[in-house]
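Presented below is the structure to which this report refers.
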Amino acid sequence: MKRKNYIGLILNAHMPYVRHPEYPRFLEEDWLFEAISETYLPLLRMFRRLRGDGVKFRVTISLSPTLCTMLSDPILQGRFTNYLRLHQKLGEKELVRCAAEAPESLSLARMYLDEITQNLEDYFEIYQCNILEGFKDLEDSGHLDLITTAATHAYLPLFSQYPTAIEAQIELAIQTHINHFKRRPKGFWLPECGYFPGLEEYLQKEEIAYFQLAAQSLALAQEPAKYGNYAPISCPNGVHAFARDFNLTSLVWSNQEGYPADPNYREFYRDIGYDLPLDYIGPYIHEPEVRVFTGFKYHAITGKGDQKNIYRPELAARKVLEHTENFLYEVEKKGRKLAPLIDRDPFYTLAFDTELFGHWWFEGIAWLESLLRKADQGESVVFETPTDYLRRYPDNQELQPALSSWGEGGYSDVWASGSNVWIYRHLHKAIERMEELSVRFPNQSSLKQRFLNQAAREVLLAMSSDWPFIIHNGTFVTYAESRIKDHLGNFNVVYENMCKNAVNTEWLVKAEKRNIVFPDIDYNIFNPDSDRIRYNG
Amino acid sequence: MITVNIDALSISELRYIAKKEGIDDVKLMDREDLVETLKELYEERMSTFGGEGASYSPSTQPRFMNTIVEHELLNSVGPLPGVEPLPDFYPETRIYLLLKDPYWAHAYWSICPTDLQRLEHKEVPFEFFLRVSILKENSQLVEVDSFDIDVSREDTSWNINLPERGCSYLVSLFYRDEKGNNGLLSQSEKVFTPRCYWMDHLDKLQKDRACFTLLTSSLVTKGGVMVENPLLKEVADKLDTWMDN
């Protein structure tokens, strides 16, 4: 019998909680809007197209609890609509400008405008402004497996000495997932692939069947992995772990060898938000005269240097096909090489940030579509989910994975570097104090309950892996630092007031308005002694 | 996949970014100068960490970026009423050890003002030091070695180089007075540094081709770059030396 190659594609869709209704427009809110318009909506369209054409595929998507909360937030939904309409106006203006001054870019301007118009139509008519329904629909039809991740995408190894905080991150994530999708997730995306031995114990409590790992996790274990990274392992407690295939993912996710660096693909960094005069582009960027990406990008990568060719979608489409063929060739070649070495069909775990496709790599969604179609036409490559695999192979080698992450160096350095390690002194203290409050003031009602719930929100928001990541990478540092300090400062207001048995109502009303993530949160999740509330969706 | 690609930017983009980055005389600089200056700036920022495989790590890709340069907070969110700035430290005597990777840990500590007053009250000059204990399993975890790091009164954190893998560490904060008296102020929890199987079984990798292929084929790119990890690199280097001999 001919061997098959199974691919477990796992996409992590995540955005930090950014919501500032106190301002008419807020620069960092655009992170979400760009992701919806350039990745999530086009991705949903692509999946629906495949489903409509009868293509068989199974893909796993992790939707982070903060992202779910924002996607279903009426204020952000309204602001996303404004974002699309503003860009639609820019598109219309670009048609006129390009026709007169840059005819070589006219068809591209039209392409972008059509995409925005389509996004508006889908957003209102198909999803009624809540695209989570689109993901749920695809899960209901058996094409997607939706999983979750830590509540605020906390990098868990740096909290390994705080079991209650880890439990809160996981329990709240499951609760949020069930609230949105009416199902308990089977899988759990470890933020940043951050794993420490023992983490599986927390996941088992929440009936999680599997999680993904960084590529080196099994190679660094204290016993050899019988199948390398080509089959999951069973942790000693029975929860399964799938290690990324670095070799195959680097074909996509590498700035040196990856497909997205092809000269024919669209150049991300050339954008009319920077290229056109301020008096023209002014209304579509941020005040006061802060240039931002608009999404209208007319050049191909071409090569080094500023002499860029005009982007030609037909050339890029040809490359997409070429890269699809190449990827399948690489998978099959690898399968042949592995055939004499293992007595099972190999399973390759491909784990990516979802926003890579469409937003960063413009042609990424077309490449995925092409890949899923081609795989379905052939017999040797099959896309399936970890759940499918575990159904076929419930018994796997027992092994304890090693401490690891997918960050530089493979451990925690990115999230505890010279620039950001200062945050842990305050974060750890806030967690301890939150536990203390939960023990001293259990099961409160009314105002104190709201006060303590808000404290729990602030601690969780401060734990997000995004803030140290941003500080380490040197982008939006001021914003990230201010967010951490604000959340921790907010928490301290509750702590100090509760120690005096008081509630600062002015603060509470404003804080609830500002950070209303996880509306159903129960601060008792921080009580190490409390009986856990079980959610059986 | 994508890092800030300075070469790709137009002269107007470059001038705009250079100005925002605080570079002087932007108008006088030609494209080449601008590219060179910005590259130097960004390389300096990125040089804090990163080996050969770093550019393949998802953590080196920019995220949440809708502008090329950072701006000061456009809209000052501002603290809510009653929010105070974070303290430099908390009023407790305590030391905490955070494992960054198998080679480095980060210790942070604080000393309660009353403890400090107590020491100052003795009127004997004193200083602080950290004692790093190396613990190994021998039916139970026992200290097999230790080393001291002198720290000043102003220090509140320290990056500690861990000499061995496959053992546990804990760090203690001590004072030492001029008369030679030591006193323990606080002790951290233990952290464990992993050691991998292959470190002690290189012969298997060398002799068993199948084993070698299974291990490495998912850890190396098509172009031959290994996933960035110091332990794996140590294994690979040892294997190279072994094979050379």
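Computed values, structure above
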| item | result |
| --- | --- |
| Residues located in segment A:200-222, provided they are open to solvent by less than 30 Å² (accessible area, probe 1.4 Å) and in a loop (DSSP other than H, G, I, E, B) | A:Glu206, A:Ile208, A:Ala214, A:Ala215, A:Gln216, A:Ser217, A:Leu218, A:Ala219, A:Leu220, A:Ala221 |
| All strands (runs of 3 or more DSSP E) inside segment B:111-184 with 3 or more residues being closer than 24 Å to A:Tyr424 by Cβ and under 19 Å from the mean Cα position of the chain (by Cα) | B:157-161, B:168-177 |
| Top-ranked residue in segment A:506-521 [being within 10 Å of another protein chain (Cβ to nearest Cβ) and in a helix (DSSP H, G or I); ranked as nearest to the chain's Cα centre (by Cα)] | A:Arg514 |
| Odd one out for B:Lys207 among (1) charged (D, E, K, R); (2) open to solvent by 30 Å² or more (accessible area, probe 1.4 Å); (3) assigned by TED's automatic domain parsing to the domain that holds B:Glu137 | (3) |
| Residue match in segment B:225-237 (condition: over 26 Å from the mean Cα position of the chain (by Cα) and among the small types (Gly, Ala, Ser)) | no |
| Among residues of segment A:310-335, those that are touching a residue at least 40 places away in the same chain (Cβ under 8 Å), within 14 Å of another protein chain (Cβ to nearest Cβ) and among the hydroxyl-bearing types (Ser, Thr, Tyr), counted | 1 |
| Checklist (1) surrounded by fewer than 23 Cβ atoms within 10 Å (Cβ to Cβ); (2) touching a helix residue (DSSP H, G or I) at 6+ places or on another chain (Cβ under 6 Å) applied to A:Phe242, failing item | (1) |
| Segment A:421-456, residues that are surrounded by fewer than 24 Cβ atoms within 10 Å (Cβ to Cβ) and either closer than 27 Å to B:Met226 by Cα or hydroxyl-bearing (Ser, Thr, Tyr) (or both) | A:Tyr424, A:Ser445, A:Ser446 |
| Within segment A:269-285, considering residues that are open to solvent by 10 Å² or more (accessible area, probe 1.4 Å) and at the interface with chain B (Cβ under 8 Å from one of its Cβ atoms), the one farthest from the chain's Cα centre (by Cα) | A:Asp275 |
| Looking only at segment A:336-374, and only at residues there that are open to solvent by 10 Å² or more (accessible area, probe 1.4 Å) and of a type in the set (Gly, Ala, Ser), the one that is farthest from the other protein chains (Cβ to nearest Cβ) | A:Ser370 |
| Total residues in segment A:10-29, condition touching a strand residue (DSSP E or B) at 6+ places or on another chain (Cβ under 8 Å) and not in a loop (DSSP other than H, G, I, E, B) | 5 |
| Close pairs (9 angstrom Cβ cut-off, 6 or more residues apart or separate chains): within 27 Å of A:Ile7 (Cβ to Cβ) in segment B:200-223, crowded, with 18+ Cβ neighbours inside 10 Å and basic (Lys, Arg) anywhere | B:Ser217/A:Lys334; B:Ser218/A:Arg244; B:Ser218/A:Lys334 |
| Among the residues listed as B:Glu52, B:Glu92, the single one being more than 28 Å from A:Glu34 (Cβ to Cβ) and at pLDDT 80 or above | B:Glu92 |
| Residue that is touching a helix residue (DSSP H, G or I) at 6+ places or on another chain (Cβ under 8 Å), of a type in the set (Val, Ile, Thr) and modelled with pLDDT under 95, where the choices are B:Val77, B:Val124 | B:Val77 |
| Residues located in segment A:398-409, provided they are under 12 Å from A:Pro157 (Cα atoms) and facing chain B (nearest Cβ under 7 Å) | A:Ala402, A:Leu403 |
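One line per residue, one yes/no per condition, for (1) open to solvent by less than 30 Å² (accessible area, probe 1.4 Å); (2) β-branched (Val, Ile, Thr):
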{"position": "B:Asn138", "(1), (2)": "no, no"}
{"position": "B:Phe147", "(1), (2)": "no, no"}
{"position": "B:Ser152", "(1), (2)": "no, no"}
{"position": "B:Asn159", "(1), (2)": "no, no"}
{"position": "B:Ser168", "(1), (2)": "yes, no"}
{"position": "B:Thr193", "(1), (2)": "yes, yes"}
{"position": "B:Phe212", "(1), (2)": "no, no"}
{"position": "B:Gly224", "(1), (2)": "no, no"}
{"position": "B:Thr241", "(1), (2)": "no, yes"}
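Yes/no matrix, rows are residues, columns are (1) more than 16 Å from the chain's Cα centre (by Cα); (2) open to solvent by 10 Å² or more (accessible area, probe 1.4 Å); (3) of a type outside the set (Gly, Ala, Ser); (4) within 14 Å of chain B (Cβ to nearest Cβ):
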{"site": "A:Lys2", "(1), (2), (3), (4)": "yes, yes, yes, no"}
{"site": "A:Gly8", "(1), (2), (3), (4)": "yes, no, no, yes"}
{"site": "A:Glu22", "(1), (2), (3), (4)": "yes, yes, yes, yes"}
{"site": "A:Leu43", "(1), (2), (3), (4)": "no, no, yes, no"}
{"site": "A:Phe47", "(1), (2), (3), (4)": "yes, no, yes, no"}
{"site": "A:Lys56", "(1), (2), (3), (4)": "yes, yes, yes, no"}
{"site": "A:Leu63", "(1), (2), (3), (4)": "no, no, yes, no"}
{"site": "A:Pro74", "(1), (2), (3), (4)": "yes, yes, yes, no"}
{"site": "A:Gln77", "(1), (2), (3), (4)": "yes, yes, yes, no"}
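The values are calculated or read from the model by the stated rules, or taken from the named source; none is laboratory data. Remember, predicted model here, so these are calculated numbers, not experimental data. Don't worry about glycine lacking a Cβ; one is built from the backbone with ideal geometry, like all the others, and counts go over all protein chains shown. Quick note on the areas: whole protein, heavy atoms, side chains included, nothing else; ligands and nucleic acids left out. Shrake-Rupley method; radii C 1.70, N 1.55, O 1.52, S 1.80 Å.
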